[in-house]
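This report refers to the structure that appears directly beneath it.
The values are calculated or read from the model by the stated rules, or taken from the named source; none is laboratory data. Because the structure is predicted, anything quoted here is derived from the model rather than measured. Glycine gets a Cβ as well: all are built from the backbone with ideal geometry, and neighbour counts include every protein chain shown.
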Amino acid sequence: MKKWFLLVALLGAGFGGYSAWNHWQKGKLAAASPDRPTTATVELRDINFAVNAAGEIGPSEQVSVRPEINGKIEVLPVDIGDRVKKGDLLFKLDDKELQQQRSSNLTDIEKARLELAKAEREA
């Protein structure tokens, strides 16, 4: 008999605990949700809105092109913002000064060869 009484008491305590816990959870959910309607009537209307933002629009990738040789630009067929493809001419340097320097160097080389030949004949 004691066992049955203990079993009934445990079942009653378990049911009472579950009921109290369930009531507490419902009260917790009611406190968390705001008091606003969850249903609305359907209306047909246009939705218009505008967004104003301040800022800059810039390229996602920007490349700086710098030649290894300094000089004056003779031809510049592209401008900032133009689309270019691989192999397109970006600029052409004025090579007059470089050509003059090259011819001067060739003259110096030829002069050194003549001096070498003269030194070999005299030696």
Worksheet item: modelled with pLDDT of 90 or more and at positive phi, is that true of GLY87?
Response: yes
Worksheet item: Given VAL63, VAL75, VAL51, VAL84, which one is surrounded by 10 or more Cβ atoms within 10 Å (Cβ to Cβ), of a type in the set (Val, Ile, Thr) and within 32 Å of the chain's Cα centre (by Cα)?
Response: VAL84
Practice prompt. Could you tell me whether any residue of the stretch 115-123 is at pLDDT below 85 and surrounded by 10 or more Cβ atoms within 10 Å (Cβ to Cβ)?
Written response: no
